[in-house]
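What follows is one structure encoded as structure tokens, with my remarks underneath.
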Amino acid sequence: MDNRTSKQNYYLDIADSVLERSTCLRRKYGAIIVRNDEIISTGYNGAPRGRRNCSDLGGCTREKLNIPSGERYELCRSVHAEANAIISASRRDMIGATLYLVGRDARSDALLADAMCCSMCKRQIINAGIDRVVIRADEKLYRTIPVSDWVENDDTIFEL
């Protein structure tokens, strides 16, 4: 009997380590892109290169304005973990790949069981050619989302 960690949890553990570089004061995310059992790139959420991070500034604009999680991303200083991983990889390496994502609360370090890619990151994942996203739900459980679901169930079309 093989007692080793599953491949999915192995890669999620790595994404969990990557999030330790996050500089966000609200949520820490780590992402890795894997294709053919090889890590293509990693990413965590933080300010663009050269800009000061919220952790350096000692505050979060969205938090100061009491903006709920998932809203008004344009006021956030951070580039999301998924976007940073995509930026660091070539498209030819991402086609058919899997993106692994882990989120934690920045204060309590608790896993975010309801972690999900925002609509902008979903669009970037679709365009990158990534095939599926695996998101950690707890220390051993995870959700696997076929990216084709995001294409077929377009959440940016609203009935008027």
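The lysines within cross-link reach of Lys64, meaning a Cα-to-Cα straight distance under 25 Å and a gap of 8 or more places when in the same chain, are Lys28.
For region 82-160, the share of accessible area belonging to carbon and sulfur comes to 52 percent (1.4 Å probe, ligands and nucleic acids excluded).
For the chain, the solvent-accessible area works out to 59 Å² per residue, with a probe of 1.4 Å and every protein chain left in place. So I have [x] 0.97; [y] 1.01; [z] 0.95, and one of them is Rg/Rh (Cα atoms, Kirkwood Rh) calculated from this model. Which one is it? Recomputing Rg/Rh (Cα atoms, Kirkwood Rh) here picks out [x]. Relative contact order of the chain, taken over Cα pairs closer than 8 Å and 6 or more residues apart, is 23 percent. Of all aspartates and glutamates in the structure, the ones whose alpha carbon falls short of 17 Å from that of Lys7, not counting any fewer than 8 places away in one chain, are Asp16, Asp37, Glu38, Asp131, Asp138, Glu139. Taking the protein heavy atoms of region 35-76 in the context of the full set of protein chains, the accessible area attributed to carbon and sulfur is 41 percent at 1.4 Å. From the alpha carbon centroid of region 78-106 to that of region 11-74 is 11 Å.
For a paramagnetic label modelled on Arg92 (point 7 Å from Cα along Cα→Cβ), amide N atoms under 16 Å away belong, within region 120-160, to 129.
Projecting label points 7 angstrom from Cα along Cα→Cβ for Arg49 and Asp138 puts them 4.0 nm apart.
The values are calculated or read from the model by the stated rules, or taken from the named source; none is laboratory data. Keep in mind that what you see is a predicted model, and the values were worked out from it rather than measured. Heads up, the Cβs are rebuilt from the backbone with ideal geometry, glycines too, and the neighbour counts pull from every protein chain shown. What goes into the accessible areas is simple: the full protein's heavy atoms, side chains included, and nothing from ligands, DNA or RNA. Shrake-Rupley method; radii C 1.70, N 1.55, O 1.52, S 1.80 Å.
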